[in-house]
Structure formats: structure tokens, C-alpha cells
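Below is one structure, written out as C-alpha cells; comments come after it.
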Amino acid sequence: MRSLSFCLLLLNALISAANTTPVVPREITFGNLKLVLTRQAINEIQKDVEALTRSPKYYQLKIDRMHLYFPIIENIFKE
């Protein structure tokens, strides 16, 4: 679940950074964690980034889904 949150935050940051479609990097450093992505992972994330930047409706769908599921996820982590 942390990876889902991390990916959503990463995608949001990438989208906010530029008006053009951002390119997913091979390495991502988050705190003291260095994440090295495989070519397949980069391609999958890049597809999602492109869909998010092209379609405000798709972006809103992801945000709505996040608002729906994050409270459930938070309750699971509290247990």
C-alpha cells in the first residue's frame, strides 16, 4: 500500500512539474530509499502518467478512487 501512495504522490508531482508529459526516471530517491525501476515498470508508470496528463476526467477518477480507498487503508494500518 505504501508503494501505491508513493506512486500516486510521484505521479502528482510529475504532473505538477511541467505542462508537457513528464518522463519517468530510472531511479527515484524518496527519503533514504533509492528505488531503481525496471524498463517494464517505467513503461507501465509512463502509460499511467500519459493518461493522467491527457485526460482531466481520468485524473479525477484516480483522485476519487484514492478518496474512496485511503480511509479503508488507514483503518487497516491502525489495526
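The values are calculated or read from the model by the stated rules, or taken from the named source; none is laboratory data. What you are looking at is a predicted structure, and each value in this text was computed from that prediction instead of being measured. Neighbour counts run over all protein chains shown; Cβ positions are idealised from the backbone, glycine included.
Taking the range 55-75 as the range and being in contact (Cβ under 8 Å) with a residue 12 or more places away in the chain and farther than 15 Å from residue 12 by Cβ as the test, only 73 passes. For the range 42-72, the set of residues classified as surrounded by 14 or more Cβ atoms within 10 Å (Cβ to Cβ) and farther than 21 Å from residue 20 by Cβ consists of 66, 70, listed by residue number.
Results for (1) out of contact with any Leu (no Cβ under 7 Å at 6 or more places or on another chain); (2) modelled with pLDDT under 95, shown as yes or no for each residue.
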position	(1), (2)
23	yes, yes
28	no, yes
35	yes, yes
42	yes, no
59	no, yes
65	yes, yes
70	yes, yes
74	yes, yes
77	yes, yes
